[in-house]
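The values are calculated or read from the model by the stated rules, or taken from the named source; none is laboratory data. Because the structure is predicted, anything quoted here is derived from the model rather than measured. FYI the Cβ positions are ideal-geometry reconstructions off the backbone, even for glycines, and counts take in every protein chain you see. With ligands, DNA and RNA removed, areas are computed over all heavy atoms of the protein, side chains included. Shrake-Rupley method; radii C 1.70, N 1.55, O 1.52, S 1.80 Å.
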Amino acid sequence: MKHPIIALKHIDNLWFQVTGTLCNIACAHCFNGSGPGVKTFGFLTIDRVRDELETAISVGLKAIFFTGGEPFLHPQLLEMLRLSLDAAPTTVLTNGTLITDRTADELAKMERGTRYSLEIRVSLDGYTEERNDAIRGRGVFCRALDATRRLSQRGILPLVTVVRTWSEEEELTTLAGFVRTLRQAGYSKPRIKILPSLPLGRELTRAQARVASAHSAVASLAREQENQQDASLARPADAIPDESLLTEEMLVGFDLDLLMCSNSRLVTDRGVWVCPLLVEMPDARLGDRLRTAVPHYELRHVACTSCYHYGTICGNVSAQIEGPADATTAPDFSPARFKPSVLSG
Amino acid sequence: MTRLALFGGIYSNYHALEVALADIERRRVQAVYCLGDLGAFGPYPDRVYPLLRAARVGCLQGNYDNSLAGGLTDCQCGYTDPRDNHFARLSYAYTFTHTSEENKAWLRTLPQNFRLEIEGRRLLLCHGSPRKINEFLWESTSPDQFLAYLLDEADADVACVTHTGIKWHRKLPDGRHFVNVGVLGRPENDGTTAVWYTLLSVGHEDLNVEFVPVEYDFQALARDMARERLPEEFIETISTGWWTTCLEVLPHKERARGRF
């Protein structure tokens, strides 16, 4: 089967897997299998970060992201962030558990001193301790909420990222639950970004079991709803899409800017990868350094299909969950299913 | 010295447009340009068209205009937050339904950029960014080298954009300029009710950017919006100066400045 080949149009986004796969917690759905003692990928040095930043700045870099593992395990992370914020808006993806008062002070000082946005993305997977810690580990819920409070008290509004593990019917009550929890924890203007769960890493085995049971539940629900509405609404949002791999035909008329491979690269201690999602795929390694990395990539993984379906998953604005708009002569303005008042409380 | 008046994002706010055009008239500019998004958010979308035509405003197509002209199902703002999406849908459905076929046909004829050469400088006017109609160029997420790259790619010395709803100007270290001209449709999330347009003075030696506040009868607009049963949240925005919807796309710095 011939898969589409995507050329790098421009490095808009440069990602650093700054602590490799080392993390202080081990989430059940981690897409790159990070955890305590996991050293598939190692730490980046500050010299390496500086060198690759210079390369990307010279070609017109737009934004910088630090991920891991857990970035705050790196002893020089704050120094790296200062370098980065001198050049471009910068985002850190963290579980929040290591953000002490002192770190929050430093981040706030940095944020005030730059003209570019500093985004701290804190992951949370449930709005109750029970639900969150079942996925992310004991004690993580309280520590992550502490981080959001510490940051917001200092003028930083963290972007709380939550992986969608609920059905569309539960969307609004779930989001309202997150808003309520964050406000109760002392974060008064909560910002939330929803991520699709990805059929990668630990999530792959977890999802396979869940999809089997979800499909049987959906089948029975669909029978009940036969004469009502589209049964696909009841399908769990995190089920692996049926179409597993991309074809060239699928990309005809598709906005390639929604695919990270057209505008992003990831730097790790083992070389340059096409995107953060494919870091476990050896074929997604494009070279040693940014300046010598291969400028195109063949989309042959299921994760590429996720990016196609959901849009720029890793960016700071939520993924485009509903897909691109189609041209029609008579748009359908049937009443939205959403009742936003649920969220305003 | 050549003087231009530039604005974007009218969002059907014909009250502000009337005041802005009268103010521009007094300032004796050589040309007036609207960088797109004529409709959205506000009431009676057809009312802005005769005003723009009478004042001979050169109009570009914004993402909203492109959607209306092409009969698309949404405004192409790319919202995914369910609350933002809810309001975006209401606004788009209202605007689509209340824009005449004649005006939609006219929107189809609009270009997506203008290129001007003034006093030896190459100017590019566009809606979102030089490379994409719906790319948001916020001040806090547009680093110098990226703006320089966009200008290089566009063969331009000056680029003027809108789309985000918040104005800014940057003179790059190499002397080129990037201007977000702001919008007339709604205040810019700063707690004041004024909306903004831009005066661009282009000379041999330098280029001057002046942002001009427009005070208009927002209460009249609020009454229109209530009559048309547009959302309370929209009325709150024009009455208080704080954004209540479409917050998801705001980067950290711009979001932190607002009330919500």
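Rundown of residues vs (1) touching a Gly at 6+ places or on another chain (Cβ under 6 Å); (2) under 20 Å from B:Asp23 (Cα atoms); (3) assigned to a strand (DSSP E or B); (4) of a type outside the set (Lys, Arg), yes/no style:
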position	(1), (2), (3), (4)
B:Trp196	yes, yes, yes, yes
B:Leu199	no, yes, yes, yes
B:Phe211	no, yes, yes, yes
B:Ala220	no, yes, no, yes
B:Arg223	no, no, no, no
B:Arg229	no, no, no, no
B:Glu233	no, no, no, yes
B:Cys246	no, no, no, yes
B:Leu250	no, no, no, yes
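Considering the stretch B:67-93, the residues that are more than 7 Å from chain A (Cβ to nearest Cβ) and open to solvent by 20 Å² or more (accessible area, probe 1.4 Å) include one that is farthest from the chain's Cα centre (by Cα), namely B:Leu90. Just to verify a result, which residue in the stretch A:123-159, among those that are in a loop (DSSP other than H, G, I, E, B) and in contact (Cβ under 8 Å) with a residue 60 or more places away in the chain, is farthest from the other protein chains (Cβ to nearest Cβ)? That would be A:Gly137. Checking each residue in the stretch A:1-15 for being closer than 18 Å to A:Thr90 by Cβ and open to solvent by 10 Å² or more (accessible area, probe 1.4 Å) picks out A:Ile11, A:Asp12, A:Asn13. Residues that are more than 15 Å from B:Phe87 (Cβ to Cβ) and free of Cβ contacts under 8 Å to residues at least 24 places away in the same chain within the stretch B:204-248 comprise B:Glu205, B:Asp206, B:Asn208, B:Glu210, B:Pro213, B:Gln219, B:Ala222, B:Arg223, B:Ala226, listed in sequence order.
For the criterion of being away from every other protein chain (no Cβ under 14 Å), of a type in the set (D, E, K, R) and open to solvent by less than 20 Å² (accessible area, probe 1.4 Å), B:Asp37 passes. Take the conditions (1) more than 19 Å from B:Arg170 (Cβ to Cβ); (2) crowded, with 17+ Cβ neighbours inside 10 Å; B:Ala220 misses just one of them, which is (2). Just for the stretch A:40-54: of the residues that are touching a Phe, Trp or Tyr at 6+ places or on another chain (Cβ under 8 Å) and in a helix (DSSP H, G or I), which one is surrounded by the fewest Cβ atoms within 10 Å (Cβ to Cβ)? Among residues in the stretch A:40-54 that are touching a Phe, Trp or Tyr at 6+ places or on another chain (Cβ under 8 Å) and in a helix (DSSP H, G or I), the one surrounded by the fewest Cβ atoms within 10 Å (Cβ to Cβ) is A:Glu52.
Scanning the stretch B:130-179 for residues that are closer than 22 Å to B:Gly241 by Cα, open to solvent by 20 Å² or more (accessible area, probe 1.4 Å) and within 10 Å of another protein chain (Cβ to nearest Cβ) gives B:Phe136, B:Glu139.
Among all residues of the stretch A:25-39, there is none that is within 14 Å of chain B (Cβ to nearest Cβ) and buried (at least 20 other Cβ atoms within 10 Å of the Cβ). Residue-level check: of (1) assigned to a loop (DSSP other than H, G, I, E, B); (2) under 18 Å from B:Glu228 (Cα atoms); (3) open to solvent by 10 Å² or more (accessible area, probe 1.4 Å), B:His15 misses just (1). Where residues in the stretch B:180-199 are of a type in the set (D, E, K, R) and touching a Lys or Arg at 6+ places or on another chain (Cβ under 9 Å), which of them is most open to solvent (accessible area, probe 1.4 Å)? This residue is B:Asp190.
Taken together, the residues in the stretch A:90-115 that are open to solvent by 10 Å² or more (accessible area, probe 1.4 Å) and in contact with a strand residue (DSSP E or B) (Cβ under 8 Å, 6 or more places away or on another chain) amount to 3. Being open to solvent by less than 30 Å² (accessible area, probe 1.4 Å), under 30 Å from B:Glu205 (Cβ atoms) and not aliphatic (A, V, I, L, M) is a condition met by no residue of the stretch B:96-104.
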